[in-house]
1. Have a look at G41, H104, A130 and report the one farthest towards the positive end of the charge dipole of the stretch 1-130, computed about the Cα centre with Cβ charges (Lys/Arg +1, Asp/Glu -1).
2. Which far-off residues, 5 or more places away or on another chain, put their amide H under 5 Å from the one on R168, with H placed in the peptide plane?
3. Using label points projected 7 Å from each Cα along Cα→Cβ, tell me how many nm separate A24 and S185, to one decimal.
4. Could you run the Karplus curve 6.51 cos²θ - 1.76 cosθ + 1.60 with θ = phi - 60° over the stretch 142-149 and give me ³J(HN,Hα) per residue in whole Hz, x for Gly and Pro?
5. Looking only at D147, D27, D131, which one moves most when the chain is put into a Gaussian network model with springs between Cα atoms under 10 Å?
6. Using a 1.4 Å probe on the protein heavy atoms, what percent of the accessible area of the stretch 87-188 belongs to carbon and sulfur?
7. Can you give the charge dipole size of the stretch 59-216 about its Cα centre, rounded to the nearest 20 debye, using +1 on the beta carbon of Lys and Arg and -1 on the beta carbon of Asp and Glu?
8. Applying 1/(1 + (r/R0)^6) with R0 = 22 Å to the Cβ-Cβ distance of A111 and S70, what FRET efficiency is obtained, to the nearest 0.05?
Amino acid sequence: MHGADPRLVLGLHRSRHHRDILKAALDLGVTALDTAAPYLGFRSHAVLAETAADLLPKFALSTKVGFFPSAGGADHSLDPVRLRLAVERAARELGREPDTVLLHNPERSLAGLSTPDGHTLLGNACTALADAARDGLCGAWGVASWDTRSLEMVQVDDLPSPDLLMVRAGFLVGIDLLDAINVLSTAWQPGETWGMSPFGGGHRKVWEEFDPRPFL
């Protein structure tokens, strides 16, 4: 059984970075805000600080690192030095240390690797974020994964356990992925687990692909 979690987070993946949206969220009692370094063309952190610096301390703020600007738009890296610099840059651009920094879609760099190579690469990346949290660059660290099956294959049980694991949730997530999430969570024992993208990237997609009539 996959239970429900009543906590709501304002995610900025597809939301405008407007002050009135953040203020409305606070007025409605939503006090958690999630963004990422590559959002808004790698300008999310700076724009938030420019438009709503006084509101940011009112949120529990999480962000993600792992994607970096490149000539082709963005590339992905689990290099621990690049990740450390990205966490430092996030805090600098936001004007405050994030409450949580997440490793952004590590499966992008793990695809096609052998189990030992993937284990080493992911382990070094997790250690970099754990060290950043220990050094006060963020309050906690975690992993955000769209498809956890690659993480499960590299055997995470002896890697640093994340404070937070962010994974797919909602009607459109297949049972194979839900099972993989359960296996990963059992092996890794994160402090918390968050669900993301409950409507699969858009509310219309839910009603196009999901038929609620059997449940009514």
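1. Ranked along the dipole, the leading option is G41.
2. M196
3. 3.1
4. x, 9, 10, 10, 6, 9, 7, 5
5. Looking only at D147, D27, D131, the largest GNM fluctuation is found for D27.
6. 49
7. Rounded to the nearest 20 debye, it is 460 debye.
8. The pair A111/S70 has a calculated efficiency of 0.80.
The values are calculated or read from the model by the stated rules, or taken from the named source; none is laboratory data. Keep in mind that what you see is a predicted model, and the values were worked out from it rather than measured. With ideal geometry, Cβ positions are generated from the backbone for all residues, glycine too; neighbour counts draw on all protein chains shown. Just the protein is used for accessible areas: all its heavy atoms, side chains included, with ligands, DNA and RNA removed. Shrake-Rupley method; radii C 1.70, N 1.55, O 1.52, S 1.80 Å.
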